[in-house]
Amino acid sequence: MIGAGAMGHGIAHTLLRHGYAVKFFDASPKALESAKARIARGLERDVEKGRLAKDEEEKALARLTLASHLESFSESDFMIEAITENFEVKAGVFGALDKICGDSAIFASNTSSISISRLAATTRRASRFVGLHFFNPVPVMKLVEVVAGLVTSQQTVEAAVALAQSLDKTPVCVQDFPGFVSNRVLMPMINEAVFCVMEGVAEPQAVDEVMKLGMNHPMGPLELADFIGLDVCRDIMRVLYDGFHDSKYRPCPLLEKMVSAGRLGRKSGRGFYDYSSPPVLS
Ligand code: CAA
């Protein structure tokens with residue numbers, strides 16, 4: 001597992017809970033240590049909630065190894081990457097791993113919108129490269145979107161499906177097009193909700209209430225945008241816009257403005273809602 005952010009530690013936690021041995025790397029040793037602490041808390045919670053037997057908790061944590069360099073992955077058979085959503089950074093890591101890992105190792109990216117075919121083409125194992133798109137919070141959400149690149153082999157797709165099923169997730173196979181299915185449908189909805197706020201159709205709370213009470217969504221689109229990160233939402237809208245050249249995918253100017261102002265949602269303490277304590281007045 002490469003990348004100790006919210007998705008990476010959630011995926012590692014889920015793998016450990018289901019009996020896998022996980023080697024975990026992040027360029028930041030501090031991020032890796034704090035991810036390990038969060039995983040330990042998550043496993044403790046699993047025991048409290050009866051999802052894991054008490055004697056399994058210690059064993060699960062013992063199966064986690066923190067790696068200090070990528071060379072440690074020479075024996076690994078399935079790599080999952082969940083690092084920053086930047087093509088060059090991901091390509092750099094996959095390029096390095098391609099030289100380190102054995103020929104049969106499968107590479108999977110948790111990217112939410114970067115082309116799997118393009119990432120695969122930076123390695124010499126494009127047929128063994130697949131998208132494995134988890135959803136936040138990973139231990140809770142049932143879906144894994146399995147994304148087949150242009151030359152991903154059927155065998156690789158089947159291995160990804162089997163892995164997802166062994167984690168008690170429901171894999172859904174899709175082809176590699178911008179936003180796949182999840183974000184091609186979700187992000188325009190969020191973007192449209194931001195247009196509603198920008199145009200004064202309704203306040204954020206009202207937009208969210210409409211979608212929660214009228215459509216039974218667990219979170220309203222703006223609350224969800226804050227949860228995902230407004231920068232991530234904006235970046236995915238740009239991928240859709242650049243990929244399809246269709247104006248319906250243009251990011252809402254208010255979304256752009258909020259990202260420029262550093263209002264990124266929960267992670268920055270402020271987005272459409274205020275998460276700071278005490279709340280910021282304005
Ligand atoms: N991290 C980890 N676990 C979390 C969590 C978080 N941020 N938030 C909630 N949970 C856990 C809780 O601990 C609880 O687990 P326990 O069984 O251990 O108690 C469980 O989720 C349910 O939580 P709550 O009962 O407190 O709250 P809830 O019923 O309101 O559910 C929620 C919370 C699951 C987050 C729900 O609001 C929800 O489903 N929201 C929508 C989430 C969503 O759409 N995610 C996808 C985002 S898109 C994405 O990830 C991919 C992309 O490409 C952008």
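The values are calculated or read from the model by the stated rules, or taken from the named source; none is laboratory data. Please read these numbers as outputs of a predicted model, since none were measured by experiment. So basically every Cβ, Gly included, is an ideal-geometry build from the backbone, and we count neighbours across all protein chains shown. With ligands, DNA and RNA removed, areas are computed over all heavy atoms of the protein, side chains included. Shrake-Rupley method; radii C 1.70, N 1.55, O 1.52, S 1.80 Å.
Among residues of the range 15-42 being in contact with a His (Cβ under 7 Å, 6 or more places away or on another chain) and more than 13 Å from Met1 (Cβ to Cβ), the one that is farthest from the ligand (Cβ to nearest atom) is Arg38. Selection of the range 138-181 for residues being of a type in the set (Gly, Ala, Ser), under 27 Å from His13 (Cα atoms), in contact (Cβ under 8 Å) with a residue 24 or more places away in the chain and open to solvent by 20 Å² or more (accessible area, probe 1.4 Å) yields Ala159, Ser166.
Taking each residue of the range 238-250 that is under 14 Å from Asn183 (Cβ atoms) and looking for partners that are open to solvent by 50 Å² or more (accessible area, probe 1.4 Å) and charged (D, E, K, R) with beta-carbon atoms closer than 6 Å, six or more apart or interchain, yields Tyr241/Arg250. Scanning the range 218-227 for residues that are within 11 Å of the ligand (Cβ to nearest atom), of a type in the set (A, V, I, L, M, F, W, C) and open to solvent by less than 10 Å² (accessible area, probe 1.4 Å) returns a single hit, Ala225.
The rows are residues; the columns are (1) without any contact (Cβ under 8 Å) to a residue 12 or more places away in the chain; (2) of a type in the set (A, V, I, L, M, F, W, C); (3) more than 21 Å from Asp103 (Cα to Cα); (4) open to solvent by 30 Å² or more (accessible area, probe 1.4 Å).
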site	(1), (2), (3), (4)
Ile2	no, yes, no, no
His13	no, no, yes, no
Ser28	no, no, yes, yes
Lys36	no, no, yes, yes
Gly50	yes, no, yes, yes
Ala53	yes, yes, yes, yes
Lys59	yes, no, yes, yes
Asp77	no, no, no, yes
Ile80	no, yes, no, no
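Does the range 228-280 hold any residues that are basic (Lys, Arg) and surrounded by fewer than 20 Cβ atoms within 10 Å (Cβ to Cβ), and which are they?
Selection gives Arg238, Lys248, Arg250, Lys257, Arg263, Arg266, Lys267.
Output yes when any residue across the range 111-128 is in contact with a helix residue (DSSP H, G or I) (Cβ under 7 Å, 6 or more places away or on another chain), within 15 Å of the ligand (Cβ to nearest atom) and not in a loop (DSSP other than H, G, I, E, B), and no when none is. Within the range 111-128, none of the residues are in contact with a helix residue (DSSP H, G or I) (Cβ under 7 Å, 6 or more places away or on another chain), within 15 Å of the ligand (Cβ to nearest atom) and not in a loop (DSSP other than H, G, I, E, B).
If you go through the range 112-130 and keep only what is out of contact with any Phe, Trp or Tyr (no Cβ under 9 Å at 6 or more places or on another chain) and open to solvent by less than 40 Å² (accessible area, probe 1.4 Å), you end up with just Ala126.
Do we find that Ser166 is of a type outside the set (A, V, I, L, M), away from the ligand (no atom under 15 Å from the Cβ), in contact with a His (Cβ under 7 Å, 6 or more places away or on another chain) and under 30 Å from Arg45 (Cα atoms) in this structure?
So Ser166 fits the description; yes.
Does any residue of the range 16-24 turn out to be among the aliphatic types (A, V, I, L, M), closer than 20 Å to Asn136 by Cα and not in a helix (DSSP H, G or I)? Among the residues of the range 16-24, at least one is among the aliphatic types (A, V, I, L, M), closer than 20 Å to Asn136 by Cα and not in a helix (DSSP H, G or I), which makes the answer yes. Residues of the range 200-217 include at least one that is near the ligand (Cβ under 10 Å from one of its atoms), free of Cβ contacts under 8 Å to residues at least 24 places away in the same chain and not in a helix (DSSP H, G or I).
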